[in-house]
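Worksheet: one structure, shown below.
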Amino acid sequence: MPNASHVLDRVLVLEMVRVTEAAAIAASSLIGRGDEKAADHAAVEAMREALNQLYMDGTVVIGEGERDEAPMLYIGEKVGSAIGKGPKIDIALDPLEGTTITAKAGPNALAVLAVAEEGCLLNAPDVYMDKIAVGPGYPQGVIDLAKTPTENIQAIAAAKGVQPSEIIACVLDRPRHEKLIAELRGIGCGIMLIPDGDVAGVIATSDPDTTIDVYMGQGGAPEGVLACAALRCVGGQFQGRLVFRNEDERARAAKWGIEDLDKIYSLDELAKGDCIFAATGVTDGSLLAGVKRVKGKMTTESVVMRASSGTVRWVKGEHRVD
């Protein structure tokens, strides 16, 4: 368990929930409206405004893209009300994890945020990442990206004392995963396909109620860092390897100081030290209930976790609608 950070004051733990609540509420007005960009923009604006009210010298290390791609919450943007004098905080965020889900009113859309001391979150380029994750309770090293999916499922099953056919893997429903899905089904492994939202997919491995044993496949590298911040708080193992499809993506990695393009990152290399992770449900999902509007008020459900204490708080909010 990491030592508690003096920089990440306890006050910040609940302040983070207010930030994700603001983004979730803003995005919720566009659930099912078919406009991904409008939903994302609403969440981004609300999250940025909430962050700028906090007493901190914050730097976005994972955000909406590079400065020339995103007008707000871009990588490197400074946020907070005490820039130059407040505690230095690195921030990884996704104001709306699941823009397509929100536009189509599907499950598991979240507003997500992780904070840590300066230098503790990997500044991951916006590329794909091969990922594998399991929840707590397994021997260290039970998963290994250098091994085949079959070998990993067999190792997890052996550690759990069951057959591979009793293991359930969570995989993003994408054409790029056809071979992975075929291999897993070939050994009898159950697969829970999700349409989007791989932060929630990784976190689901830590919750026995989801019945998900392992997360596998390619998703966004920034989302991998966010998920690792959550696993640091609740326990689990994660490995990730960046995937580059062209020279432009390799150049993007070099810009952020990544030299070993084939490196397999561990959980502690992606998110280290004391971390705070917060998420608020936008639409109903396996992790959190979505935003509801009832008789002049809105209700939200959030979770906030801290690595140093291992504390997980579930926060239900009622917000008056003016």
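Cβ-Cβ distance below 8 Å, separation of 6 or more or different chains: which pairs start in region 44-72 with a residue that is touching a residue at least 60 places away in the same chain (Cβ under 8 Å) and end on one that is hydroxyl-bearing (Ser, Thr, Tyr) and surrounded by 23 or more Cβ atoms within 10 Å (Cβ to Cβ)?
What qualifies is 47/20.
Here is a check on your reading of the model: is residue 231 within 16 Å of residue 113 (Cβ to Cβ), touching an Asp or Glu at 6+ places or on another chain (Cβ under 7 Å) and at pLDDT 90 or above?
no
Do we find that residue 278 is open to solvent by less than 10 Å² (accessible area, probe 1.4 Å), modelled with pLDDT of 95 or more and within 30 Å of residue 21 (Cβ to Cβ) in this structure?
yes
How about region 212-264: which of its residues are open to solvent by 50 Å² or more (accessible area, probe 1.4 Å), closer than 15 Å to residue 123 by Cβ and of a type outside the set (A, V, I, L, M, F, W, C)?
255, 257, 259, 260, 263
Which one of 124, 92 is part of a loop (DSSP other than H, G, I, E, B) and crowded, with 24+ Cβ neighbours inside 10 Å?
The match here is 124.
Of the residues that sit in region 135-170 and are within 18 Å of residue 232 (Cα to Cα) and in contact with a Leu (Cβ under 9 Å, 6 or more places away or on another chain), which one is most open to solvent (accessible area, probe 1.4 Å)?
136
Quick check: is even one residue across region 27-37 in contact with a strand residue (DSSP E or B) (Cβ under 6 Å, 6 or more places away or on another chain) and within 29 Å of residue 232 (Cα to Cα)?
There is at least one residue in region 27-37 that is in contact with a strand residue (DSSP E or B) (Cβ under 6 Å, 6 or more places away or on another chain) and within 29 Å of residue 232 (Cα to Cα).
Find all pairs meeting these conditions: Cβ atoms under 6 angstrom apart; at least six residues apart or on different chains; first residue within region 166-182 and closer than 17 Å to residue 151 by Cβ; second residue in a loop (DSSP other than H, G, I, E, B).
Close Cβ pairs satisfying both conditions: 167/189; 167/213; 169/189.
I'd like the full set of residues that are within 16 Å of residue 114 (Cβ to Cβ) and open to solvent by 40 Å² or more (accessible area, probe 1.4 Å), limited to region 308-322.
Selection gives 309, 311, 312, 313.
Take the residues of region 291-307 that are of a type in the set (Gly, Ala, Ser) and in contact with a helix residue (DSSP H, G or I) (Cβ under 9 Å, 6 or more places away or on another chain): which is nearest to residue 112 (Cα to Cα)?
Step by step, filter region 291-307, then rank; the result is 302.
Of everything in region 241-264 that's in contact with a strand residue (DSSP E or B) (Cβ under 7 Å, 6 or more places away or on another chain) and not in a loop (DSSP other than H, G, I, E, B), which residue is nearest to residue 74 (Cα to Cα)?
Ranking the qualifying residues of region 241-264, first place goes to 253.
Could you list all residues from region 1-53 that are modelled with pLDDT under 95, assigned to a loop (DSSP other than H, G, I, E, B) and either under 21 Å from residue 226 (Cα atoms) or among the β-branched types (Val, Ile, Thr) (or both)?
Matches in region 1-53: 1, 2, 3, 4, 5, 7, 8, 9.
Among (1) modelled with pLDDT under 90; (2) more than 14 Å from the chain's Cα centre (by Cα); (3) open to solvent by less than 10 Å² (accessible area, probe 1.4 Å), there is one condition residue 184 misses while meeting the rest; what is its number?
(1) is the only condition that residue 184 fails.
The values are calculated or read from the model by the stated rules, or taken from the named source; none is laboratory data. Note that the structure is a prediction, hence the values are computed from the model and not measured. For neighbour counting, all protein chains shown are included, and Cβ atoms are generated from backbone atoms with ideal geometry for every residue, glycine included. Accessible surface is based on the protein model in full, side chains and every heavy atom, while ligands, DNA and RNA are left aside. Shrake-Rupley method; radii C 1.70, N 1.55, O 1.52, S 1.80 Å.
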